[in-house]
Amino acid sequence: MRINVTVPNWSPALSYTPQLLWSEGNETDASLSNFIQDLYKFGYHSTTLNGPSMVFNFNGTGVWIFGGFRPSLGPYNVKLDNSTFSNPGFGAGDSESFQAVLFGKDDMDCAPHQLILYNNAAPNNSQAVLDVDYVRDSACNIWVSF
């Protein structure tokens, strides 16, 4: 049986390293006024420095990272098991979106996996913000009894 599981940014299942370089955001962030109706659900974690990472270990067949896709989003990398995926961040002509899919992969083997998200922004770059709203995985080998 497969079940989609939403892991909010504040869950202990997500490990932010180094923790001091990540901050928690909430509805008081003025730059999110257009998205305030959805923000109450999860909040977000963000970093503005090159190098901090978020790690998520899961057992499943798919995984998706949701975050802010806005002009302040710079380049970032995702390492899933032994493969690395690069993303340039927000670009000219892109549409701003809250809780956007920043990375997604499905059709994976039902097995343990490790996902690592890295901020890859250059220092003093106006596009240096990486924020995570939540992670969703398609969990497998879940037993439910009634």
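Counting just the residues of segment 83-104 that are over 13 Å from the mean Cα position of the chain (by Cα) and at pLDDT 95 or above, which one comes out farthest from residue 131 (Cα to Cα)? It comes out as 83.
Name the residue that is modelled with the lowest pLDDT, counting only residues in segment 49-71 that are part of a loop (DSSP other than H, G, I, E, B) and buried (at least 20 other Cβ atoms within 10 Å of the Cβ). Looking at residues that are part of a loop (DSSP other than H, G, I, E, B) and buried (at least 20 other Cβ atoms within 10 Å of the Cβ), I get 70.
A Cβ distance below 8 Å, combined with a sequence gap of six or more or placement on separate chains, defines the contacts here; from segment 120-135, residues that are touching a residue at least 60 places away in the same chain (Cβ under 8 Å) and of a type in the set (Phe, Trp, Tyr) reach residues that are surrounded by fewer than 24 Cβ atoms within 10 Å (Cβ to Cβ) and outside any strand (DSSP E or B) in the pairs 134/9; 134/42. Of all residues in segment 88-121, those being of a type in the set (A, V, I, L, M, F, W, C), surrounded by 11 or more Cβ atoms within 10 Å (Cβ to Cβ) and over 14 Å from residue 58 (Cβ atoms) number 6. Selection over segment 76-87 of residues that are outside any strand (DSSP E or B) and surrounded by 12 or more Cβ atoms within 10 Å (Cβ to Cβ) gives a count of 1.
The values are calculated or read from the model by the stated rules, or taken from the named source; none is laboratory data. Source: prediction; values computed, not measured. Neighbour counts are summed over all protein chains in view; Cβ atoms, including those assigned to glycine, are modelled from backbone coordinates with ideal geometry.
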